[in-house]
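Note sheet for the following structure.
Coordinate-derived values only; no laboratory data. Keep in mind that this is a model prediction, so the values were computed, not measured. With ideal geometry, Cβ positions are generated from the backbone for all residues, glycine too; neighbour counts draw on all protein chains shown.
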Amino acid sequence: MYELPDILVLVQQMNKELKGKAIECAIFNEKGYFNLPKKDFEGVLVGKTIESVEGKGKWIFVKLSSDTYMQIGEHTGHVLYHTDIKTIPDVYTLRVDFTDNTVLTVRNHGMSFLRVVKKEELGTFRYPGALGVSPLDGSFTAESFHVILEQNSARTLKAVLLDQTILAGLGNGYFQEIIFRAGVHPRRKAGDLTEEERRGLYTAMRDVLMNAVTLGGKEDITDLYGNPGGYHKVLGAHSLGRPCPVCGTSIEKINILGSTTYICPSCQK
């Protein structure tokens, strides 16, 4: 799934390539989660101009003319830009043709969302609802993180850090990297962390996410041009049973909140 760093990489590229382009044609296949019938979805897009692209959390907001937005969220597929029609895939969820003969394709898998809404409708959907602060925003400081942990002291770290209404943009992939870097266990209660552990967790979060943005996102995610990211995850299914790169202990997996989390049982007690 695209998480905050992967989204920010895509947004930067989309602004570079798509800003100012006029939509000549749109072809939508009714797969995944969408808010309009096929004909209506296509009709809303045609004739619009892309004014800007913004990212928050795990969502992309494509601002179109006439106060219209296209939302791409919880994305697990591909968002690709084509200057050569020969590169357009045979299967896609949405194809957008621009008047300059370039094309954007979106392929959704799983829980991915595609919505076209008016500006006043942006906050009306139950999911994702009100998004919390981005861990890469300037307003997210060590002090504000301390307040977040205090306000959610009885919840586990995984529950707090993956709650999109608190911190927008983290999924299981980067979460595992962050808590491993910080040396804390995902089942620890937020209120039980020492001052030193809180500072370490905040620093690890910022370092991991900023490094991932610099490297173009995760290695299992592609950018707008189809290139995989350069951030290589330490933990994941590939690491199960392998030695921890820090202490040599075998990496284990545990289930928390219905999903698998990979940890080093020695470094993350």
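Could you tell me whether the range 84-215 comes out rounded, prolate or oblate from its Cα gyration tensor? Rule is a ≥ b ≥ c as square roots of the eigenvalues, rounded for a/c under 1.5, then prolate if a/b exceeds b/c, otherwise oblate. Prolate shape, in that a/c is at least 1.5 and a/b is the bigger ratio.
Taking every full run of DSSP H in the chain, the ones that stretch at least 27 Å from end to end by Cα along their long axis and average -1.0 or higher on the Kyte-Doolittle scale are 195-214. When each of S259, S139 is scored by the number of other beta-carbon atoms lying within 10 Å, the sequence from fewest to most is S139, S259. Taking the charge dipole of the range 142-263 about its Cα centre, with +1 at Lys and Arg Cβ atoms and -1 at Asp and Glu Cβ atoms, the residue from Y202, S144, V184 reaching farthest to the positive side is V184.
When the chain is described by a simple charge dipole with +1 on each Lys and Arg Cβ and -1 on each Asp and Glu Cβ, the residue from T49, G110, A154 located farthest towards its positive end is A154. Taken about its Cα centre, the chain carries a charge dipole of about 500 debye when Lys and Arg each add +1 at the Cβ and Asp and Glu each add -1 at the Cβ. Exposure proxy ranking for I88, I166, based on other Cβ atoms within 10 angstrom of each Cβ and starting from the fewest, stands as I88, I166. Treating each Cα of the range 45-155 as one equal point scatterer and applying the Debye formula with no solvent, the log10 of I(q)/I(0) at q = 0.12, 0.15, 0.21, 0.24 Å⁻¹ comes out as -0.56, -0.79, -1.22, -1.39. Looking at the chain as a GNM with Cα springs under 10 Å, which of Y225, Y33, Y127 has the largest mean-square fluctuation? Of Y225, Y33, Y127, the Gaussian network model singles out Y127 as fluctuating most.
In a DSSP loop and with at most 15 other Cβ atoms within 10 Å, the GluC sites (Glu not before Pro) in the range 1-60 are E30. In this simple spin-label approximation, T76 and K269 carry label points 7 Å from Cα along the Cα→Cβ vector, and these lie 3.7 nm apart. DSSP assigns beta bridges within the chain; of those with both partners inside it, close to 90 percent run antiparallel. A crude spin-label estimate for the pair T194 and K39, with each label 7 Å from Cα along the Cβ direction, gives 6.7 nm.
The modelled label-to-label distance for the pair H232/S52, using points 7 Å beyond Cα in the direction of Cβ, is 3.8 nm. So what is the diffusion coefficient of the range 155-269 in µm² per second by Stokes-Einstein at 37 °C and 0.692 mPa s, using a Kirkwood Rh over Cα pairs? The estimated diffusion coefficient comes to 224 µm²/s. Using a cutoff of 8 angstrom between alpha carbon atoms and counting only pairs six or more residues apart, the relative contact order for the chain works out to 18 percent. Once Rh is set to the Kirkwood radius over Cα pairs, what Stokes-Einstein translational diffusion coefficient, in µm²/s, holds for the range 16-78 at a temperature of 4 °C and a viscosity of 1.567 mPa s? Result for D is 103 µm²/s.
Applying the criteria of a DSSP loop state and at most 14 other Cβ atoms within 10 Å to the GluC sites (Glu not before Pro) of the range 160-206 yields no site. Short to long, the 10 Å bins of the Cα pair-distance histogram for the chain hold 7, 28, 32, 20, 11, 2 percent of all pairs.
A DSSP coil position with no more than 15 other Cβ atoms inside 10 Å describes the following trypsin sites (Lys or Arg not before Pro) in the range 90-143: R126. Farthest towards the positive end of the charge dipole of the chain, among the residues N211, C25, T165, is the Cα of T165, using unit charges on the Cβ of Lys, Arg, Asp and Glu. Each Lys and Arg contributes +1 and each Asp and Glu -1, all at the Cβ; summed about the Cα centre of the range 98-221, the dipole is approximately 380 debye.
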